[in-house]
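Undergrad: Would you mind keeping the following structure in view while I ask a few things?
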Amino acid sequence: GCVLVVSVIEQLAQWHNSTVKAAMERLCNYIPGKYQIMCHMLRCIDREMNADVVCHSLRLCKQDPGQPLCHLYPPPKVSPHPVKLHYSLALSAQKSTMGFLNLCAFPLLADLCEKIKYVLRSKLPFEDFDGDKFSTFPTLRGYHWRGRDCDDRNTTVYPGRRPDNWDVKSDSNCNGIWGVDPKDGIPYEEKFCKGADSQGVVLLGDSAGAHFHIPPEWMTVTQMSAKSFANLPMAFTDELDWPQFSEITGFLNSTIGGWTDSLYLRLRRRNRCNHRDLQNISQNGGSSRNLLGLIKSLARNQLLDHPAIVTYATIGNDVCNGNHDTLAYMTTPKEMFSNVMQALRYLDSRLPNGSHVILTGLVDGRFLWDNLHDRYHPLGQLNRDVTYSQLYSFLDCLQVSPCSGWLTANETLRNLTSERALQLSNVLKEIARSEKFANFDVFYMDFPLRQTAEEWHRMGGEPWQLIEPVDGFHPSQVAAALGTSITWQKALQEWPQVLGKENPFNDQIEAIFKDQGGH
């Protein structure tokens, strides 16, 4: 993180032909309000030192005995010991480090840090006054992640429940449909939604499902302005995830490139009664193992709520880790079977009868190296000095690589990682084929990377555009939208019963309740 921030400051100075101090002030002025404290930490940057040297000086990067010196840029030639600074700068660096490592000690950020810590622990909305796991606040696991609550003072009112007395007096399930038709005295919910196969959308997933994204304009100095950082507070309080634009539960028009298309939006178009019935229960680093804790934040009542389509998609973290001995830390097929079966048994105890579960196979991550390794990362575009290969090596050296097995020049290791991913996908396939549950049926589908790349090629796109540019690892907004289309077509052809029937009253619902359709 330090290397990224310092790189941006030094490139801003270069691009605007200014001092480093002026560049730092420029960056601080771009960043909104209380978040400026983060950029004021780095007061001792010397333009003659590259970002690696600065961050070692700040002791935010370190070199353990017997370990290589981790660096993103070539080491300076002026000294065989590039990380040694003169005494006064070292003292300054030490003071800055204390501040940088204790961001949450600052009064302006302390309250926000506590809120973020709460949602990281619980994966539940921070602002949820009635405790029904739904919120009227967008971030901090609020309605960007779950359908928006329409009465946060009443625990019996929330998205996804079956209507209370056909919602004659109020909207108990937050789909915007309630009241009685004065022409015939029939409640609108009964008239339009009875027998309509209403169902919710739930994702159990990882950072790809949560839609992890670091805006490239945060690091591209040639395009940087105050507008670039306007979304920083929202991104920070959503854990750098953008579930509101995601492949399964996206519902807002994308502001991060591409377009939004999601399983939820398509089900809502198919049946307007499904409005707001979505839950994105994903986390950065999600795997079959830690999903067993995450799944407890699911909000579904077997007796009171509609059935749901649950997508189980941990597409990489069972084979991805940052350990140098990465193969030893991958999930085994036996462990995968045990973890997934535990999750499915828990779902069987929570999901209403008539639900569906779709198990998604793991991705073949060789696509990442093949299409990115020799391209310039956003940090390297100004001076053409940082490729994705260099970034991957830097992260691997620091032992914080999101995937040592795929983000590597070692072709044998990439192949072995994909081999294990295929083994784990086969476990999922076998579970879908042979295991039965009381309250839902189970389906399997391969992660549609090949079909997505082929479709994008037909549209005139390049394969690298399907990958997030800053982290070089996650699916981009374009990939998410195209993946939805491919999944939907497969479901229509092979499991039409999962999607339910089309509601013939959709146009009437929109005409009567158009002012109550907002998310």
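The values are calculated or read from the model by the stated rules, or taken from the named source; none is laboratory data. Remember, predicted model here, so these are calculated numbers, not experimental data. Don't worry about glycine lacking a Cβ; one is built from the backbone with ideal geometry, like all the others, and counts go over all protein chains shown. Note: accessible area is taken over every heavy atom of the protein model, side chains too, but ligands, DNA and RNA are not part of it. Shrake-Rupley method; radii C 1.70, N 1.55, O 1.52, S 1.80 Å.
Undergrad: Quick check: convex hull over the Cα atoms of region 200-506, volume per residue in Å³, rounded to an integer?
TA: Values: hull volume 42.4 nm³, N = 307.
Looking at region 200-506, the number lands at 138 Å³ per residue.
Undergrad: If you take the beta carbon distance between Ala110 and Ala230 as r and set R0 to 22 Å, what does 1/(1 + (r/R0)^6) give as a FRET efficiency, to the nearest 0.05? If you can, show how the numbers build up before the last one.
TA: On the way: r = 23 Å, r/R0 = 1.07.
Computed FRET efficiency for Ala110 and Ala230: 0.40.
Undergrad: Can you give me the distance in nm between label points at His16 and Thr332, each placed 7 Å from the Cα along the Cα-to-Cβ direction?
TA: In this crude label model, His16 to Thr332 measures out at 5.6 nm.
Undergrad: Another question, if that's okay. Put +1 on the Cβ of each Lys and Arg and -1 on the Cβ of each Asp and Glu in the chain; which of Pro215, Thr452, Thr255 then has its Cα farthest toward the positive end of the dipole?
TA: In the chain, that residue is Pro215.
Undergrad: Which distance in nm do the two modelled labels at Asn415 and Lys169 give, with both placed 7 Å along the Cα-to-Cβ direction?
TA: Each label point lies 7 Å from its Cα, and together they span 7.0 nm.
Undergrad: Positive end of the charge dipole of the chain (Lys, Arg +1 and Asp, Glu -1 on Cβ, about the Cα centre): tell me which of Tyr392, Ser282, Val427 has its Cα farthest that way.
TA: Projecting each Cα onto the dipole axis, the largest value belongs to Tyr392.
Undergrad: Still on this model: With every protein chain kept in place and ligands, DNA and RNA left out, what is the accessible area per residue of the chain? Probe 1.4 Å, answer in Å².
TA: For the chain, the solvent-accessible area averages 44 Å² per residue.
Undergrad: Could you give me D for region 152-281, from Stokes-Einstein at 37 °C and 0.692 mPa s, where the hydrodynamic radius is the Kirkwood radius over C-alpha pairs? Units µm² s⁻¹, please. Could the numbers behind the result be given before it?
TA: Working: Rh = 16.9 Å.
In µm²/s, the coefficient rounds to 194.
Undergrad: Please compute the modelled spin-label separation between Ser349 and Gln465, points set 7 Å along Cα→Cβ, answer in nm with one decimal.
TA: Label at Gln465, label at Ser349, 4.8 nm between them.
Undergrad: What is the gain in length, in nm to one decimal, between Asp64 and Gln36 on full extension, counting 0.36 nm per residue of separation less the C-alpha to C-alpha distance?
TA: Details: separation 28, 0.36 × 28 = 10.08 nm, distance 3.15 nm.
Working it through step by step, the gained length comes to 6.9 nm.
Undergrad: Sticking with this structure for a sec: Which angle between 0 and 90 degrees, to the nearest 10, do you get for helix 477-494 versus the longest principal axis of the chain when only C-alpha atoms count?
TA: Between the helix axis and the principal axis of the chain, the angle is about 30 degrees.
Undergrad: In addition: Determine the order of Asp132, Asp151 by accessible area, beginning with the largest, at a probe radius of 1.4 Å. Please report the intermediate quantities before stating the final value.
TA: Numbers: Asp132 15, Asp151 40 Å².
The ranking, largest first, comes out as Asp151, Asp132.
Undergrad: Let me ask something additional. On a full-extension model of 0.36 nm per residue, what is the gain between Asn383 and Tyr118, subtracting their alpha-carbon distance, rounded to one decimal in nm? Please report the intermediate quantities before stating the final value.
TA: Values: separation 265, 0.36 × 265 = 95.40 nm, distance 4.10 nm.
Net length gain for the segment: 91.3 nm.
Undergrad: Could you tell me the largest-minus-smallest coordinate of the C-alpha atoms of the chain on each of the three principal axes, in descending order and whole angstroms?
TA: 85, 48, 41
Undergrad: Between helix 2-15 and the chain, what is the angle of the helix's C-alpha long axis to the longest principal axis, kept within 0 to 90° and rounded to the nearest 10?
TA: Tilt of helix 2-15: around 70 degrees.
Undergrad: With a Förster radius of 45 Å, plug the Cβ-Cβ distance of Arg433 and Thr136 into 1/(1 + (r/R0)^6) and report the FRET value to the nearest 0.05. Please report the intermediate quantities before stating the final value.
TA: Details: r = 42 Å, r/R0 = 0.94.
The formula returns an efficiency of 0.60 here.
Undergrad: Report the antiparallel proportion of the DSSP beta bridges in region 200-506 as a percent, rounded to a multiple of 5.
TA: Roughly 10 percent of the DSSP beta bridges within region 200-506 come out antiparallel.
Undergrad: Pull up the cross-link candidates among the aspartates and glutamates for Lys436, meaning alpha carbon to alpha carbon under 15 Å and not fewer than 8 places away within one chain.
TA: Cross-link targets: Asp348.
Undergrad: Among the lysines, which have Cα under 25 Å from the Cα of Lys194 when same-chain residues fewer than 8 positions away are ignored?
TA: Straight-line reach from Lys194, under 25 Å: Lys169, Lys183, Lys501, Lys514.
Undergrad: On to the next question. Straight-line reach only, C-alpha to C-alpha below 18 angstrom: list the aspartates and glutamates that Lys490 could link to, leaving out same-chain residues fewer than 8 apart.
TA: Straight-line reach from Lys490, under 18 Å: Glu247, Asp261, Asp441, Asp446, Glu454, Glu455, Glu502.
Undergrad: Once the piece of chain linking Ala511 and Asn284 is laid out straight, how much longer is it, given 0.36 nm per residue of separation minus the C-alpha distance between them?
TA: Numbers: separation 227, 0.36 × 227 = 81.72 nm, distance 3.97 nm.
My answer for the length gained is 77.7 nm.
Undergrad: Another one. How high is the relative contact order of the chain, in percent, counting Cα pairs under 8 Å that sit 6 or more residues apart?
TA: Details: 943 pairs, mean separation 75.9, N = 519.
In percent, rounded to a whole number, it is 15.
Undergrad: Moving on. Around Glu335, with a cut-off of 13 angstrom between Cβ atoms, what is the net charge of the other residues, counting Lys and Arg +1 and Asp and Glu -1? Let's see the in-between values first.
TA: Values: positive: Arg289, Lys334, Arg420; negative: Asp318.
Neighbourhood net charge equals +2.
Undergrad: Right, next: Which percent of the accessible area of region 405-468 is formed by carbon and sulfur heavy atoms (probe 1.4 angstrom)? The partial results should precede the final answer.
TA: Numbers: 1630 of 3340 Å².
Carbon and sulfur together cover 49 percent of it.
Undergrad: Counting Lys and Arg as +1 and Asp and Glu as -1, each charge on the Cβ, what is the dipole of the chain about the Cα centre in debye, to the nearest 20? The partial results should precede the final answer.
TA: Details: 51 positive and 57 negative charges, 135 e Å.
About 660 debye.
Undergrad: Compute the relative contact order of region 211-293 as a whole-number percentage, counting only Cα pairs closer than 8 Å that sit 6 or more residues apart in sequence.
TA: Values: 73 pairs, mean separation 17.0, N = 83.
For region 211-293, the relative contact order is 20 percent.
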